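A quick write-up on the structure given underneath.
The values are calculated or read from the model by the stated rules, or taken from the named source; none is laboratory data. Everything quoted here is computed from the prediction, not taken from an experiment. Positions of Cβ are backbone-derived with ideal geometry, glycine not excepted, and every protein chain shown enters the neighbour counts. For the accessible areas, the whole protein counts, side chains as well, though only heavy atoms, and no ligand, DNA or RNA atoms are used. Shrake-Rupley method; radii C 1.70, N 1.55, O 1.52, S 1.80 Å.
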Amino acid sequence: MDKSCWKWTLMLLVLLVSTYAEASFFWHMEDFIKAVKQVEDEESGSEPPAVLKRLRRAAGLNDAFIRHFLGDVDSSSPDLDANLSDYIKKAVHHRVTEDGREEGVVLTADGTTVALTPLLLGIEAGFLSKARGLYQLTLAKDLGLSLRHGSNPTRRLGRDGCWDSITSPQVFTLSDDPSLLTTAQVNGGMDGVVLGMEVSDASRRPLKLSGLLTEYYCHQLESSGLDTAPRLISRRRRDNFKGLVMSPVLTRQVVKSVELQQRLTGQSKMEAKKKKQLMSVVREAMKEFVHMYIDCPPIIPRCMWGAEPYRGTPTNLSLPLSFMYIHHTHTPSQPCLTFQQCATDMRSMQRFHQEDRGWDDIGYSFVAGSDGYIYMGRGWHWQGAHTLGHNSIGYGVSFIGDYVRSLPSQHSMGLVRDQLAACAVGGGRLINTFTLQGHRQVVNTSCPGDALYNEIKSWEHFGEVRDMKLTA
């Protein structure tokens, strides 16, 4: 090969390597943790508080509200590599664009999306032992800012969305009209509070920030699912947050955060009448917050597990319903322990129901994995195809796995028995005197398996077949 060929080959290799290097960072939490490790490596021996300040500096998080709690960023340390700094700024800076794209969020290994700003601020506050200001700095600040813009909580709380790709996520788009406080912000705020409170105890402080994030977000479950998993992992964020922050406490912190924000920006002190009005709005919104993020289980939306579109026109349910029917999938026969496997199982069942059975969609209303999450099938409003002759009067909830001889994990059963049921009742989707039954009670089938059927006999709301006229 002549020299010119070698020259062009070398140039091509350099181009390919540089292109790969730029494309190697996507909006995965694992990619952000890699960036954190690079920051740690640039100053060998730097402790987490110093790393967090460098991240905050690179991301431009230094407004008056943040400085009030965390102080100024350290300008004496050397600047980060330009590419690394640019990545951190894009990864951390949160905003929702006019076309509904949410930026400053990353996809975690468990299938949820997290805003990095409240996460990092909460952890840094914990290292500085700012426990009293921790709620204001993370979740309460975002709640407070959003609650100032109206009185309808459903327009403020809980918009979730979907990524353009699960393997190489780059764009996250909200699935409904943008809300001022998204699910990603709530997840990040919860995680910031949980991890911040953890590291506020000097005896539990990690040596590396990257290590703390890896343990929290990347833990691999064993066959028993969450039953034997560590306490401090992202799949347990709601349980951990609930144990730390009671609704009345967060309500007071939200009001304080609004008052502080006004004072720090030079606005006049809030009048007593306006403060009373704000408190009333906050109380109502906190009821919605508690319902969505404490009472209800975490639910993976259809677009995240890769659902195909509904074929035809869905039939809307007439709510509230009176029954919940329990199923097992039988095939897949094994519990799923990761988001990737559960999503694969969901797609497999949908293909079977649509292609082999000729149904419009996956038949179940909801499906419980053993990874700590509920997966949305037809959801709250569309009539399912789960319990022949009873689809219009009840939800069909299935556990992934064959439960003839064994049971689902205790955690996954609790998600259905306690949280999904409470969520349905609290949201007006099930009557509070609803009846829970196994599939076999109303259809000639062995579903949901002998072991699981014997288990649900002890659940609250379990009931025998009623003599009533039913429709499909």
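Values computed for the structure shown
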item	result
TRP359-THR173 FRET efficiency (beta carbon distance; Förster radius 35 Å; 0.05 resolution)	0.80
Whichever aspartates and glutamates have a C-alpha closer than 13 Å to that of LYS275, once near sequence neighbours (fewer than 8 apart) are set aside	GLU259
Helix 82-92 axis, angle to the chain major axis (alpha carbon atoms, nearest 10°)	40 degrees
Size of the range 365-472 as Cα extents on the principal axes (Å, biggest first)	35, 30, 23
Across LYS256/LYS276; LYS130/LYS287; LYS37/LYS89; LYS141/LYS208; LYS89/LYS130; LYS242/LYS276, pairs whose alpha-carbon gap is larger than 20 Å	LYS130/LYS287; LYS141/LYS208; LYS89/LYS130; LYS242/LYS276
Equivalent ellipsoid semi-axes, the range 219-310, via Cα gyration tensor eigenvalues times 5, rooted, Å	37, 18, 13
Nearest 10 degrees, 0 to 90: helix 116-127 Cα axis against the chain principal axis	70 degrees
For the chain, calculated [θ]222 nm from helices alone, where every DSSP H run of n ≥ 4 adds -39500 (n - 2.57)	-12500 deg cm²/dmol
Carbon and sulfur %, accessible surface of the chain computed with the full protein complex present, 1.4 Å	51 percent
Simple Cβ-charge dipole of the chain, Lys/Arg +1 and Asp/Glu -1, about Cα centre, in debye nearest 20	1640 debye
Per DSSP, loop trypsin sites (Lys or Arg not before Pro) in the range 311-363 with at most 16 further Cβ within 10 Å	ARG311, ARG357
Efficiency of FRET between SER406 and THR97 - r from beta-carbon atoms, R0 41 angstrom, step 0.05	0.30
Listed residues SER200, THR182, PRO169: farthest to the positive end of the dipole of the range 160-212 (Cβ charges)	SER200
C-alpha long axis of helix 29-42 to longest principal axis of the chain, angle in °	20 degrees
Ratio of the Cα radius of gyration of the range 154-292 to 2.2 N^0.38 Å, where N counts its residues	1.27
Extension reserve of the CYS303-SER280 stretch, reckoned as 0.36 nm per residue once the Cα distance is removed	4.7 nm
Extended-chain gain in nm, criterion 0.36 nm per residue less alpha-carbon gap, SER224 and ASP74	49.5 nm
Cβ-derived FRET efficiency at R0 25 Å, GLN334 paired with ARG311, nearest 0.05	0.35
Surrounding net charge for LYS457, when Lys and Arg each add one and Asp and Glu each subtract one, Cβ distance under 15 Å	-2
Where labels lie 7 Å past Cα in the beta-carbon direction, separation of THR433 and ALA64 in nm	5.7 nm
Heavy-atom accessible area per residue - the range 297-351, 1.4 Å, Å²	45 Å²
Value in Å of the Kirkwood radius, where the chain supplies the Cα pairs that are averaged	24.1 Å
Surrounding net charge for THR331, when Lys and Arg each add one and Asp and Glu each subtract one, Cβ distance under 11 Å	-2
